[in-house]
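Shown next, in structure tokens, is the structure this report addresses.
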Amino acid sequence: MSRLLKFNIFRYNPQDETSVPHMDEFVLEETEALTLFIALNRIREEQDASLQFDFCCRAGICGACGMVINGRPGLACHTKTRDLPGEITLLPLPVFKLVGDLSVDTGTWFREMYHKTESWIHTTKVFDENALEDRMDNEVAENIYELDRCIECGCCVSACGTARLREDFMGAVALNRIGRFLIDPRDQRTERDYYEIIGNDEGIFGCMGLLACEDVCPKHLPLQNQLGFLRRKMGITAIKTLFRK
Amino acid sequence: MQTIYTDVLVIGAGLAGERAAIEAATAGHSTICLSIVPARRSHSSAAQGGMQAGLGNSCMGDGDCPDVHFEDTVKGSDWGCDQEVARLFAERAPIEMRQLAHWGVPWNRVVPGKSTYFKGGQQFEKVEKEENAGLITSRAFGGTAKWRTCYVSDGTGHAVLFTVDNVCAQHGVEVHDKTEAISLIHDGETCFGVVARSLRTGELITYIAKATMVASGGFGRIYPNTTNAVICDGSAHTAVLDTGIVPMGNMEAVQFHPTGIVPTDILVTEGCRGDGGTLLDVNEERFMHTYEPEKAELASRDVVSRWMTHHMREGFGVKSSYGDHLWLDIRHLGEKHITGKLREVYEICTGFLGIDPIHQLIPVRPTQHYSMGGVRTNKDGAAYGLKGLFAAGEAACWDMHGFNRLGGNSLAETVVAGGIVGRKIVEYMEGTEVLFNSRIIDETYAAQKQRIDDLVSGRKGTESVYKVRADMQQALHKGANIFRTQEGLEECVDALQKVLERARTVGLRTNGKGASPELAAALKLEGQVKMALMVAYGALQRTESRGSHNREDFPARNDRDWLVRTLAYWKNPDDMLPTLQYEPATQVTEIPPGDRGYGKMAVISSDDSKGKEG
């Protein structure tokens, strides 16, 4: 006999003047290998067509479906109900602006982050169509990719104590982005340049070291190591700057 | 009504659209990409395997060059492609890979010295050259003479999209995400932009542009089982076909990928087989080499999917509560390889199936994966029928894939075509004056507003959008799948026409306020059914087998009568069938139709005397 799952889902449509924030309850019979992707779509198609949530690749690759699942930020698409108790509470990710119900606006937040971190290769080199590519050690490429695997789901920011306290904190995702460019030999920025971006309380020195970011990262990025590495690096840069004065 | 003006408007912010946007922005044009999702969630990010480009850096790709790549692509297309376009693509691909390296893509690189690899379950040794150390390396993919697929682990699409989106941010390309184009604005000659709907607020926004580009990806979601993301639903195509004057090319050419996992239909990359993985049947025995002695598991996708389906029909499928399937075996590749170069595959198997691919077999079967058809363009990416409208990537029928595309050729196409078409858009911008007609803009806006009001009020009926959509998907699945027959296709067309009538009487269950997912689904439904009819009716009329289009009642490739591309128009909104026209597959023929070297089938040669009407 399969379980009857009880879903408590946050509801609010800011575009509907009659809507007030509240929780709605839905009951669904559990089927084999049920994921939150399948469950939420079934609820929308069979019980309440107004339910808002975001899915895209539904394969854990694109990061669209971050939400708070029984108190913990995670990707809904790869969350199997058999790993959860019979009562499942779903809330939208905090920090990001609410679109409606479980859907939030991550796009605006992340595009601002790209500009804050200048999330691109800074180089004076001009691309030459007729030249061979610059050589790179395969291990360097693999190390860059390790940090490039971030899918910008927003889970780390939602789980971050500092980000919840202060709106201007950049979060692990932005710090990891800086770490990615710092180890890329193609980026000509110096440690001093990176210090300008993250050498402050909005950046690496704001981190309280609670490390929920690493706990919830669905791609298992080495965020603890990254934050430690950057803190040390930026600390040294700060001291160097001090003595230069 | 909010109106936004931009020089260049791109529908879609995946690789093709953003690559073109970079060309426009760096040439000084204001450029906006509209996207249903934040740019980096576009389906390009899910492409795992890699991009084909004839660089020839790895020892297994030694001697590779655009000529060999071109030949593989034409054979792969079963001579359905435009050879001029395939040539353009193959020549440009290596340069584009280097451009991406310059922008920051962490391509895997050549590591000199000895290493081992697997083929057909057996281990071999190779030695990479010292002089190529650190250059972009490549892996094997199906239907290729050389190891040609450049890759970043098995997250190539992700890594390239992040890089290209970074460059967009750098150059001031605006991405308006959670915004869906629902109608083109045009006067029958020139495209002026689109009416779009905000998926944040539900508000309608008019975008006016000198040049508009469709780069919205594929439309696999008109099938019930697809590897495609939920956003790949063809909504931008519905806006294009609604013009009645822009045709869709080769809509019957639908690719089924051999390794969608069972259940959930998520893709595991062709790289699994490229890196030496094998396909096993119910007896856990290999079978592909008995059908394809030469290429075995690495024949082209259409051929492998066909043999897999055939083998299951012969009774060698594994029974499961989700239907028959086969096994993919990558156990022999070892833990380091699987958790390194096939890491995404490892995560998908453990995360979604609860299967550890280092020790266990992966359940797979052929699953809808790619749309070779799409908005028909010329070699510059300019759409047929409307000035100022362009298309590139999977959304377009450019047409380098013909009736079957090779693995690694579509991801490469996104950036190569994006670059080429982007530069053509810049040329167009510089030589064109566009007069915007405000009456037409207002009328299009009003018509869309009316369409929404009708759906919300239920004036046309009360059909459920989700039920009608499911019936469309099932009809297509049943009749326009890997193996096709006249009877099955006639039934399919018949069923879809009934679905079309119901799609015209959909009414919402909700008030449609705000982002309203129900309204978003309803707005595209009628157009989706029309696309489904283009697939089914095009397949019914095409009485031959070519690439992925396989007619059991017409098993031969017929170069005498069918070396043509289907152009499907939806001339009047109230029509019940598309209007089909045909054009020669290619104007330039470098390689005349011949044997592909795999997937042996009968061929009716163009020299055979009996004509089409004879």
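The values are calculated or read from the model by the stated rules, or taken from the named source; none is laboratory data. No experiment lies behind these values; they were computed from the predicted model shown. A quick note on method: Cβ atoms are made from the backbone with ideal geometry, for glycine too, and the neighbour counts reach across all protein chains shown. Please note that ligands, DNA and RNA were not included when accessible areas were found on the heavy atoms of the full protein model with its side chains. Shrake-Rupley method; radii C 1.70, N 1.55, O 1.52, S 1.80 Å.
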* Asked: Which of the residues belonging to the range B:275-331 are aromatic (Phe, Trp, Tyr), crowded, with 18+ Cβ neighbours inside 10 Å and in a helix (DSSP H, G or I)?
  -> B:Tyr291, B:Trp307
* Among the listed residues B:Arg19, B:Arg98, B:Arg92, B:Arg40, which satisfies the condition of being of a type in the set (Lys, Arg) and away from every other protein chain (no Cβ under 11 Å)? -> B:Arg19
* Asked: Of the residues B:Thr290, B:Thr278, which is among the hydroxyl-bearing types (Ser, Thr, Tyr), more than 14 Å from every other protein chain (Cβ to nearest Cβ) and more than 19 Å from B:Gln123 (Cβ to Cβ)?
  -> B:Thr290
* To do: Determine if the range A:46-57 includes at least one residue that is under 13 Å from A:Cys153 (Cα atoms), surrounded by fewer than 23 Cβ atoms within 10 Å (Cβ to Cβ) and touching a Ser or Thr at 6+ places or on another chain (Cβ under 9 Å).
  => no
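Hey, can you tell me all the residues within the range B:528-568 that are of a type in the set (Ser, Thr, Tyr), open to solvent by 30 Å² or more (accessible area, probe 1.4 Å) and part of a loop (DSSP other than H, G, I, E, B)?
The answer is B:Thr543, and nothing else.
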* Can you tell me which residue in the range A:83-98 is nearest to A:Cys156 (Cα to Cα), limited to those that are within 14 Å of chain B (Cβ to nearest Cβ) and outside any strand (DSSP E or B)? -> A:Leu93
* Asked: Within the range B:382-418, how many residues are open to solvent by less than 20 Å² (accessible area, probe 1.4 Å) and either under 18 Å from B:Leu9 (Cβ atoms) or without any contact (Cβ under 8 Å) to a residue 60 or more places away in the chain (or both)?
  -> 12
* Structure fact -> Looking across the range B:473-492 at residues that are open to solvent by less than 20 Å² (accessible area, probe 1.4 Å) and in contact with a strand residue (DSSP E or B) (Cβ under 6 Å, 6 or more places away or on another chain), the single one that is nearest to the other protein chains (Cβ to nearest Cβ) is B:Ile482
* Quick one: would you say B:Glu252 is over 17 Å from the mean Cα position of the chain (by Cα), more than 14 Å from chain A (Cβ to nearest Cβ), part of a loop (DSSP other than H, G, I, E, B) and charged (D, E, K, R)? -> no
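If I filter the range B:123-167 down to residues being among the acidic types (Asp, Glu) and in contact (Cβ under 8 Å) with a residue 60 or more places away in the chain, which single residue comes out as surrounded by the most Cβ atoms within 10 Å (Cβ to Cβ)? Give the steps one after another, and end with the answer.
Going residue by residue through the range B:123-167, those that are among the acidic types (Asp, Glu) are B:125, B:128, B:130-131, B:154, B:165.
Now narrow it down to the ones that are in contact (Cβ under 8 Å) with a residue 60 or more places away in the chain: B:128, B:154, B:165.
On the way: B:Glu128: 20, B:Asp154: 27, B:Asp165: 31.
Selected residue: B:Asp165.
Can you tell which of B:Ala495, B:Ala470 is over 30 Å from B:Val8 (Cα atoms) and more than 14 Å from chain A (Cβ to nearest Cβ)?
On the way: B:Ala470 fails: more than 14 Å from chain A (Cβ to nearest Cβ).
Of B:Ala495, B:Ala470, the one residue that is over 30 Å from B:Val8 (Cα atoms) and more than 14 Å from chain A (Cβ to nearest Cβ) is B:Ala495.
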* Which pairs do you get when a residue that is farther than 17 Å from B:Thr6 by Cβ, found in the range B:430-444, comes within reach of a residue that is assigned to a loop (DSSP other than H, G, I, E, B) and at pLDDT 95 or above, reach meaning Cβ atoms under 7 angstrom, with the pair 6+ apart or on two chains? -> B:Asn437/B:Asp187; B:Ile440/B:Asp187
* To do: List every residue pair whose Cβ atoms sit under 6 Å apart, with the two residues 6 or more apart in sequence or on different chains, where the first one lies in the range A:64-82 and is more than 9 Å from chain B (Cβ to nearest Cβ) and within 17 Å of A:Trp109 (Cβ to Cβ) and the second, anywhere, is open to solvent by 10 Å² or more (accessible area, probe 1.4 Å) and of a type in the set (Phe, Trp, Tyr).
  => A:Cys65/A:Phe55
* Asked: Would you pick out the residues in the range B:569-611 that are among the polar types (S, T, N, Q), more than 29 Å from B:Val304 (Cβ to Cβ) and either assigned to a strand (DSSP E or B) or modelled with pLDDT of 95 or more (or both)?
  -> B:Asn572, B:Thr579, B:Gln581, B:Gln587
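Would you be able to tell me the number of residues in the range B:343-376 that are within 12 Å of another protein chain (Cβ to nearest Cβ), buried (at least 24 other Cβ atoms within 10 Å of the Cβ) and either under 19 Å from B:Leu406 (Cα atoms) or in contact with a Gly (Cβ under 9 Å, 6 or more places away or on another chain) (or both)? Talk me through it step by step, then tell me what you get.
Here is the first cut: in the range B:343-376, the residues within 12 Å of another protein chain (Cβ to nearest Cβ) are B:343-355, B:363.
Filter once more, so that each one left must be buried (at least 24 other Cβ atoms within 10 Å of the Cβ): B:344-345, B:348-349.
Checking which are either under 19 Å from B:Leu406 (Cα atoms) or in contact with a Gly (Cβ under 9 Å, 6 or more places away or on another chain) (or both) leaves us with B:344-345, B:348.
Within the range B:343-376, residues that are within 12 Å of another protein chain (Cβ to nearest Cβ), buried (at least 24 other Cβ atoms within 10 Å of the Cβ) and either under 19 Å from B:Leu406 (Cα atoms) or in contact with a Gly (Cβ under 9 Å, 6 or more places away or on another chain) (or both) number 3.
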* **Number of positions in the range B:179-228 that are part of a strand (DSSP E or B), of a type outside the set (D, E, K, R) and either closer than 17 Å to B:Ile441 by Cα or touching a helix residue (DSSP H, G or I) at 6+ places or on another chain (Cβ under 9 Å) (or both)** => 24
* Structure fact -> A:Lys116 vs (1) in a loop (DSSP other than H, G, I, E, B); (2) open to solvent by 30 Å² or more (accessible area, probe 1.4 Å); (3) more than 10 Å from every other protein chain (Cβ to nearest Cβ); (4) of a type outside the set (Asp, Glu): all pass except (1)
* Which of (1) small (Gly, Ala, Ser); (2) within 33 Å of the chain's Cα centre (by Cα); (3) closer than 10 Å to B:Gly507 by Cα does B:Ser457 not meet, given it meets every other one? -> (2)
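Can you tell me which residue among B:Gly120, B:Gly49, B:Gly56 is at pLDDT below 95, in contact with a helix residue (DSSP H, G or I) (Cβ under 9 Å, 6 or more places away or on another chain) and buried (at least 18 other Cβ atoms within 10 Å of the Cβ)?
Details: B:Gly120 fails: buried (at least 18 other Cβ atoms within 10 Å of the Cβ); B:Gly56 fails: at pLDDT below 95.
None of the other options fit; the residue is B:Gly49.
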* Name every residue in the range B:503-513 that is within 16 Å of B:Met531 (Cβ to Cβ) and open to solvent by 50 Å² or more (accessible area, probe 1.4 Å), in order of residue number. => B:Arg504
* Just checking, how many residues over the range A:147-181 are over 10 Å from the mean Cα position of the chain (by Cα) and closer than 11 Å to A:Phe110 by Cα? -> 1
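For the range A:123-169, how many residues meet the condition of being of a type in the set (Val, Ile, Thr) and assigned to a loop (DSSP other than H, G, I, E, B)? So that I can check it myself, show each step before the final result.
Taking the range A:123-169 as the starting set, the residues that turn out to be of a type in the set (Val, Ile, Thr) are A:123-124, A:126, A:140, A:144, A:151, A:157, A:162.
Okay, now just the ones that are also assigned to a loop (DSSP other than H, G, I, E, B), so A:123-124, A:126, A:151.
Summing the residues that are of a type in the set (Val, Ile, Thr) and assigned to a loop (DSSP other than H, G, I, E, B) in the range A:123-169 gives 4.
B:Arg459 - would you say it is buried (at least 18 other Cβ atoms within 10 Å of the Cβ) and of a type in the set (Lys, Arg)?
Values: buried (at least 18 other Cβ atoms within 10 Å of the Cβ): no; of a type in the set (Lys, Arg): yes.
Judged against the criteria, B:Arg459 is not a match.
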* Structure fact -> Scanning the range A:18-57 residue by residue, the ones that are aromatic (Phe, Trp, Tyr), at the interface with chain B (Cβ under 10 Å from one of its Cβ atoms) and out of contact with any Cys (no Cβ under 6 Å at 6 or more places or on another chain) total 1
